[in-house]
Amino acid sequence: MIWGMDHLLPRPRVSESTPGVFEFVPGSSVSGPAALVDAVRLSLAVLDLRPAEAGADTAAVRVVEDAGLGPEAYEIEITAEGVRIAAGDRAGAFYAGQTLRQLLPAEAYRAAALPGTVWAVPCGRLADAPALSWRGAHLDVARNFLPKREVLRMIDMLALHKLNRLHLHLVDDQGWRVESRAYPLLHEIGSHRDQTTTSYYREEPAFDGVPHGGYYTLTDLAEISAYATARAVTVVPEIDVPGHASAILAAYPEFAARPADTYRVLDRWGISPAILSPLPATVDFLTTVFDEIIGALGDVPYFHIGGDECVLDDWAASAEISAYQEKLGLATPADLHAWFLRRLADVLAERRSRAVVWDEAFVSGMLRQDTVVMPWRGPQVGRRAAAAGHEVVATPVFPMYFDYAEAASAEEPLAIGDTITLADVAAFAPVPSEWTVEERDRVVGVQFQLWSERIPDGRTLDYRAWPRGCAAAEIAWSGAPVSECFTGRLDAHLVRLDAFGVEYRPPAGPRPWQRGGSGWRRHRPGVVDVQEMMRHLHELTQSADSTRPSTSS
Ligand code: TNX
C-alpha cells in the first residue's frame, strides 16, 4: 500500500499530490553537499542509498542547500524521474528524509529491508518548516534508570517524529546517573539503591527488595550526544540542584546544608528535605561536574540546573549559610536559592551554555535574562516568565506529564495519577492566544515529561510515551492544537510504529499484557486527579514563595 501526502505526521505545512509514483531500485543514489547527503542517507537507511559520484546526474535523490529556507526547513518535489530536496540546513535534509520515509511503505521502519518490498513514493510537492524551535521530550533516568540502549532508541523515536530536544534528568534523590572522574563516589555510591517502594501514596510502606541502579559513563554520554546530533536532536543534560539531593549527599555529605552521615539514595518517592549547601565549595564542586558533562557531550547549548521543589529549612537553620546570605545582602533563603542558581547559570554562560530552570527558580527572581524557563506549574507562571523576558518552553503538568494515566481505570498499569488522554495532548495550545505578541514570541517550544517513578522499564516507557508523543510532535511542529484529520494520520502512523517495534498504548486501551494486573502495578484510579493538581499548583505560583509542599509519596 502506498500512503499519500495526507498520512504524514507531523502534518507538513504544504503538500500536494500529483499522479504517479517514483520507485527506488537497488543501487539508487543521492547527490548534493556531503553533510546533507549524509543526513538523507541516515533517514532512509533502510534503502541503503549510495552517495552519488561527483558529476553524475543520475541520482534518485538530488539535494540542494537553500539558505533562504531557514533552520530545519525543507522542500521536496517527487516526480516519476526522481526526488529533489531543498533544505535550509542539515536538520532540514534529515527531516526531508524522514518525510520520504513516511511516504514509503511501513516496512521502511523495520531494521532490515524485506525482500519483495516495492519502495515507491507518491509524486507530489511538499514545503515544510517547524513553528517551534524546541520540540522536546524529557526522560527521568534518575528515579528508574534506563540503560543506554533505551536512550538511543528514544533518540530514534524523537527523530522520526521531528522532535529535536532530549532533556535527560540525570540526578534525583533516587539516583545519580553519570560517571564522575573527579568525584567517583557519585557513581560508585549515588547510582544505586537496595530496594524500591511498591506502595502508592498514603499506603503502608512496602518495598520490592530488589536492588536498582545504573549510570552512563562519560564515554556513553559522548556516544549518546554523537548519536543524537546525527539525528538533529540536542541533548539537554539536567543536574537538578540544590534540592532532590539525597543521592549526591549519600556520596559527598560534606556538600549538604546540614552535613551528616545519614544521607542515603532514597528508595521511596516524594520531595525530600535533602539540600545542597549554597556555599562556594558547592559551586566549585558543581562547576567541576558540569565541566565533565560538557566535556563528554561536546556542544551543550542548554544545561538544565533544576531548581524545583526545594525545602529550604536546612538553609534557614544553618548559621554559616545565614551569615553568607547576609553577607550577600539577601533577605531570605528564597533569595539565596535564586542567587545560587544565577551563580551556576553564570558558570554555564562562561562555557557558552544557557541555563534552563523549572519555574520555581523564576518565581524567586534574579535569573539571567538568557535563562530558559520551564513552567511546569502551568501557563500562568509561564506568562509571568515570558513577560519578564525569558524564553519559555511549555511543560505544564496538564497535559504534558506523560507519567499520568491515559484513563482513570484499574486496567491501566500504575501511573502517578489520572488522567491525560491523547485528546488532551492533541487539544493543547502551546502558545496561548490570549497572551500579548511579545509574550507569545517568547514561547520557543513545548516538551512532554516522562517522570519515571511509575515507569520502571523501556516497555512501560513506550506505553506512556506513545501515541501521546505523536500528538505532542504534531503540536510542536505546527505550534497549535492538532487539526481534525489527526485520527486518520495517526492510524497510518501506528502501523509504522508497529513495524518499528513500539509497544505503544493502543488508543482503545491496553492490550491484555499491558494491564497492571492484580498486584502492586495495578493502577488505583481517582487518587490523584491532574486537574485538581493544577489548581493546587496554580495557587502556589500565586504566592511569592518558591517552595511547595509535598504532592507525591
Ligand atoms: C513533580 S516537575 C516533579 C517531579 C516528579 C513529578 C511527578 C518537577 C519539576 N518536579 O520531581 O517526578 O512531579 O509527576
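A few comments on the model shown:
- Annotation note: Cβ proximity below 7 Å between a residue of region 75-89 that is of a type in the set (A, V, I, L, M, F, W, C) and a residue that is open to solvent by less than 70 Å² (accessible area, probe 1.4 Å) and assigned to a loop (DSSP other than H, G, I, E, B) (sequence gap 6+ or interchain) occurs for VAL83/ALA60; ALA86/ASP66; ALA87/ASP66.
- Only one of ASP403, ASP424 that is surrounded by fewer than 20 Cβ atoms within 10 Å (Cβ to Cβ) and under 27 Å from ASP462 (Cβ atoms): ASP424
- So ARG535, is it more than 25 Å from VAL171 (Cα to Cα) and away from the ligand (no atom under 16 Å from the Cβ): no
- Among residues of region 278-310, those that are surrounded by 18 or more Cβ atoms within 10 Å (Cβ to Cβ) and assigned to a loop (DSSP other than H, G, I, E, B), counted: 6
- Test: residue in region 227-240 that is more than 16 Å from the ligand (Cβ to nearest atom), assigned to a helix (DSSP H, G or I) and not aliphatic (A, V, I, L, M): yes
- Residue that is within 15 Å of the ligand (Cβ to nearest atom) and of a type in the set (Gly, Ala, Ser), where the choices are SER452, SER433: SER452
Here's the yes/no breakdown for (1) charged (D, E, K, R); (2) open to solvent by 60 Å² or more (accessible area, probe 1.4 Å); (3) under 21 Å from MET154 (Cβ atoms); (4) in the same structural domain as MET154 (by TED's automatic domain parsing):
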| site | (1), (2), (3), (4) |
| --- | --- |
| LEU490 | no, no, yes, yes |
| VAL495 | no, yes, yes, yes |
| VAL502 | no, no, yes, yes |
| GLN514 | no, no, yes, yes |
| PRO525 | no, no, no, yes |
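- THR219 being touching a strand residue (DSSP E or B) at 6+ places or on another chain (Cβ under 7 Å), touching a residue at least 40 places away in the same chain (Cβ under 8 Å) and either more than 16 Å from the ligand (Cβ to nearest atom) or more than 22 Å from GLN449 (Cβ to Cβ) (or both): no
- Taking the criterion of being assigned to a strand (DSSP E or B), under 22 Å from LEU8 (Cα atoms) and open to solvent by 10 Å² or more (accessible area, probe 1.4 Å), the residues of region 61-81 that qualify are ARG62, GLU75, GLU77, THR79.
- Within region 311-321, the set of residues being among the aliphatic types (A, V, I, L, M) and either part of a loop (DSSP other than H, G, I, E, B) or within 27 Å of TRP451 (Cβ to Cβ) (or both) comprises VAL311, LEU312.
- Region 335-386, subset within 13 Å of the ligand (Cβ to nearest atom) and assigned to a strand (DSSP E or B), residue surrounded by the most Cβ atoms within 10 Å (Cβ to Cβ): MET374
- From the list GLY82, GLY32, GLY55, GLY68, the lone residue that is of a type outside the set (D, E, K, R), at pLDDT 95 or above, farther than 23 Å from ALA106 by Cβ and more than 30 Å from the chain's Cα centre (by Cα) is GLY32.
- Conditions (1) in contact (Cβ under 8 Å) with a residue 24 or more places away in the chain; (2) on the phi < 0 side of the Ramachandran plot: number failed by VAL210: (1)
- Answer residue from region 311-326, given it is touching a residue at least 24 places away in the same chain (Cβ under 8 Å), open to solvent by 40 Å² or more (accessible area, probe 1.4 Å) and of a type in the set (Asp, Glu) and is farthest from the ligand (Cβ to nearest atom) among those: GLU320
- The residues in region 35-90 that are among the polar types (S, T, N, Q) and over 17 Å from ALA232 (Cα atoms) can be counted, and the count is 2.
- Scanning region 25-60 for residues that are touching a helix residue (DSSP H, G or I) at 6+ places or on another chain (Cβ under 6 Å) and either crowded, with 22+ Cβ neighbours inside 10 Å or among the hydroxyl-bearing types (Ser, Thr, Tyr) (or both) yields a total of 7.
- Among the candidates SER478, SER483, SER452, SER433, the residue that is assigned by TED's automatic domain parsing to the domain that holds ARG515 and at pLDDT below 95 is uniquely SER483.
- Residue count for region 208-254, restricted to those that are among the small types (Gly, Ala, Ser), open to solvent by 10 Å² or more (accessible area, probe 1.4 Å) and under 15 Å from the mean Cα position of the chain (by Cα): 2
- Where strands (runs of 3 or more DSSP E) fall entirely within region 84-195, those with at least 1 residues that are open to solvent by 10 Å² or more (accessible area, probe 1.4 Å) are at 120-128, 165-169.
- Looking across region 451-466, the residues that are touching a Phe, Trp or Tyr at 6+ places or on another chain (Cβ under 7 Å) and open to solvent by 10 Å² or more (accessible area, probe 1.4 Å) come down to TRP451, GLU453.
- In this structure, ALA499 does satisfy being touching a helix residue (DSSP H, G or I) at 6+ places or on another chain (Cβ under 6 Å) and over 28 Å from PRO375 (Cβ atoms).
The values are calculated or read from the model by the stated rules, or taken from the named source; none is laboratory data. Owing to the predicted nature of the structure, the values given are computational and were not obtained by experimental measurement. Glycine gets a Cβ as well: all are built from the backbone with ideal geometry, and neighbour counts include every protein chain shown. Protein only, heavy atoms only, side chains kept; ligands, DNA and RNA dropped before computing areas. Shrake-Rupley method; radii C 1.70, N 1.55, O 1.52, S 1.80 Å.
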